[in-house]
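The values are calculated or read from the model by the stated rules, or taken from the named source; none is laboratory data. Since the structure is predicted, the reported quantities are computational estimates derived from the model, not experimental observations. Cβ placement follows ideal geometry from the backbone for every residue including glycine, while neighbour counts extend to all protein chains displayed. Each accessible area value is taken on the protein alone, full model and side chains, heavy atoms only, with ligands, DNA and RNA left out. Shrake-Rupley method; radii C 1.70, N 1.55, O 1.52, S 1.80 Å.
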Amino acid sequence: RAAYKKSRYLKLGSPVERVIELLNDLKKRAEGETMQADLEWIIQVIASEKLYSIDLRNAGGGKMDSEMSAWLTSNMGLKNNSKEGDDGDETDTTNADTVTSLSQAEGLKRQESDFVSEGGGRELALIDEVSDTAEMIQLMSKINEWDFDPFEFHRVTQNSGLVVAAWKLFEQHDLINKFRLSQHRFLVFFRKVQDGYRDNPYHNCVHALDVILNTNYFIRQERVVPLLTPLDRLACLIAAAIHDHEHGGLNNNFLMATKHEMAIKYNDQSVLESHHVASAWALLLQEDYNFLRALSREQYVELRDSVIQIVLGTDMKFHFEHYTKFKTKQASDTFQDGCEREDVKFMMSVLVHCADIANPVKPLKVCLKWTRQVMEEFFQQGELEAQSGLPISPFYDREKTSIAQCQMGFINVLVKPLYTEFTALLGEPAITECM
């Protein structure tokens, strides 16, 4: 909590922060345990965002039949808040062995196509080849460390960094065995995803590699481990890998201003992020790439919901909203073992967002390389804006932009406040290594 207390000067002045402060002050002065308990309940409700949520157990005077409850849950976006043990038939959807798999239920016991077996075989041969080198052995000994160099890893893996890292990390977390993932399909999927990253200065496959490595670091932290199920770890790593799939090197504002087909398709709402997750998930609908075919229906639905939430959460327009929300929850000690699922999923979204904007808190050599690349991508868009007769975006003018000023603003206004809160949750060694 020390880091949290030191961060008070980083406040952005949201009303909810002041409300929580006032309620905490009232609780300290309240007389009697009942009043203190009531105030604590109010604080928890505000922090959990349940002021306007409907509890189906109490709707209709508590006499709602199960069919109506099921209809509301599936059609109205309401959650059935029955707690474990209420109906004596709770299903653990995180255990790969508890529910009949999709492939078994639908009789889809298909053999691998030549494309899958040959493609997967090539990827395994490549992994075996690069894994035996002295450079790779040295790199693998540090792959879970914060100061890991993604550029070097990409070079040593023969420009296959995302594919190899995904394989190694999923193996380390025992996800391939836990969920009976189809190994050859896994490899051809991640090859296809890596190839889907374009040759942009910044939003390229090495950036995706960097984000999956950063995500891996975060989900291994001692205070995060108890909060996540194996399915959560699967969701975080998949989301990190696909989070910028098929990025064109132009931001959402440009796509909307030019009436790009993706902006029209997604109604100007998180245009890029919607495309990233949709284009990558479309691959999973193809038999050759569906390495998740052994998941149960419940697992598949939960995984997809988590991945969508995480990838959409990388849209920078949500940054301040999510920062304030996370800070409020952190102040209320929300993120504890056994906390609400929605809080865990929100934490996962913030976790991958932090992994996505980690460049300024990396070792100087890596940080400066990322800075050069992101600014070049900015400048290339600025030139397109000028050619299109659009106003050049702030920091996108090659001739006028101060790179130092741009980066200092990004660090002080965006990265530092969020990382102060997030590392307070993680504790050591993350506070020292990431700050």
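Taking 22 Å as the limit for the C-alpha separation, the pairs K192/K317; K142/K369; K325/K362; K142/K325; K168/K416 exceed it in the case of K192/K317; K325/K362; K142/K325; K168/K416. The phi torsions of region 389-404, fed into the Karplus equation with coefficients 6.51, -1.76 and 1.60 and a -60° offset, translate into couplings of x, 9, x, 6, 5, x, 6, 9, 8, 4, 7, 10, 6, 8, 4, 4 Hz, rounded to whole numbers, with Gly and Pro shown as x.
With θ taken as phi - 60° and the Karplus curve 6.51 cos²θ - 1.76 cosθ + 1.60 applied, the whole-hertz 3J(HN,Hα) list for region 126-142 is 4, 4, 4, 5, 6, 5, 8, 7, 4, 5, 5, 4, 5, 5, 5, 5, 10 Hz, x standing for glycine and proline. For region 287-435, carbon and sulfur atoms together expose 57% of the accessible surface, with a 1.4 angstrom probe and every protein chain in place. Taking a sphere under 12 Å around the Cβ of Q336 and counting the other residues whose Cβ falls inside, with K and R at +1 and D and E at -1, yields a net charge of -2. The amide H of S296, built 1.01 Å from its N in the peptide plane, has L102 as neighbours under 5 Å, considering only residues 5 or more places off or on other chains.
Per-residue extension of 0.36 nm, minus the Cα-Cα distance of V301 and H260, leaves a gain of 11.7 nm for this segment. Per-residue accessible area (protein heavy atoms, 1.4 Å probe) orders R185, R233 as R233, R185, starting from the largest. Of the GluC sites (Glu not before Pro) found in region 257-331, none is in coil by DSSP with at most 13 other Cβ atoms within 10 Å of its Cβ. Summing Lys and Arg as +1 and Asp and Glu as -1 over all other residues whose Cβ lies under 11 Å from the Cβ of L292 gives a net charge of +4.
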